[in-house]
Amino acid sequence: MQRALIEAEKAIAQEEVPIGAVIVDALTGELVAVAHNEMEGQKDPTAHAELLVIQKACAETGQGRLSNCDIYVTLEPCPMCAQAISFARLRRLYFGAYDIKGGGVNHGARIFNATSCHHIPEVIGGIEEHACAKLLTDFFEKKR
């Protein structure tokens, strides 16, 4: 999660919402890919950290499925990203802060609870929750 927090801090430097994500090979522990939100820079509402890191990991591994990989994200994924995590067949999802308003895992749409969900990763939330939430709170306080 520390590496995901570093990515979130990079997002702040680019005036992006500070969300970072990393994908790790669960068998070797090696870092496969890193990303942060780039919605403003790419002028793309789908350029969330999770989608970008999944794309990079698939390119890096040459695989369309990441079943031997885990994803670490600083914020509970939104429904779009939760569905992408399922499609990518990621083994485990670790996330930091909970997103009561826009989350799609423990809150909101609860994508992994839907009968249409084909793959459900193991989910562990609240990792470095305070540090992850503080980045977001500080970012939005400065915006106001």
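The values are calculated or read from the model by the stated rules, or taken from the named source; none is laboratory data. This one's a predicted model, so the numbers in the text were calculated from it and none came from an experiment. Neighbour counts are summed over all protein chains in view; Cβ atoms, including those assigned to glycine, are modelled from backbone coordinates with ideal geometry. Just the protein is used for accessible areas: all its heavy atoms, side chains included, with ligands, DNA and RNA removed. Shrake-Rupley method; radii C 1.70, N 1.55, O 1.52, S 1.80 Å.
Points worth noting:
- ARG144 being surrounded by 13 or more Cβ atoms within 10 Å (Cβ to Cβ) and either over 21 Å from VAL34 (Cβ atoms) or more than 14 Å from the chain's Cα centre (by Cα) (or both): no
- All positions within the stretch 107-141 that are aliphatic (A, V, I, L, M) and within 18 Å of the chain's Cα centre (by Cα): ALA109, ILE111, ILE120, VAL123, ILE124, ILE127, ALA131, ALA133, LEU135, LEU136
- Test for ILE100: is it modelled with pLDDT of 95 or more, farther than 19 Å from ALA26 by Cβ and touching a His at 6+ places or on another chain (Cβ under 7 Å): yes
- Of all residues in the stretch 92-122, those being surrounded by 12 or more Cβ atoms within 10 Å (Cβ to Cβ) and more than 18 Å from GLN2 (Cα to Cα) number 17.
- Given (1) surrounded by fewer than 18 Cβ atoms within 10 Å (Cβ to Cβ); (2) touching a residue at least 60 places away in the same chain (Cβ under 8 Å), index of the condition TYR72 fails: (1)
- The lone exception for ARG89 - which of (1) in contact with a His (Cβ under 6 Å, 6 or more places away or on another chain); (2) open to solvent by less than 40 Å² (accessible area, probe 1.4 Å) it fails: (2)
- Only one entry in GLU38, GLU30, GLU50 is open to solvent by 40 Å² or more (accessible area, probe 1.4 Å), touching a residue at least 24 places away in the same chain (Cβ under 8 Å) and not aromatic (Phe, Trp, Tyr), namely GLU38.
- Qualifying residues in the stretch 123-138 (those that are surrounded by fewer than 15 Cβ atoms within 10 Å (Cβ to Cβ) and of a type in the set (Val, Ile, Thr)) - the one nearest to ARG65 (Cα to Cα): ILE124
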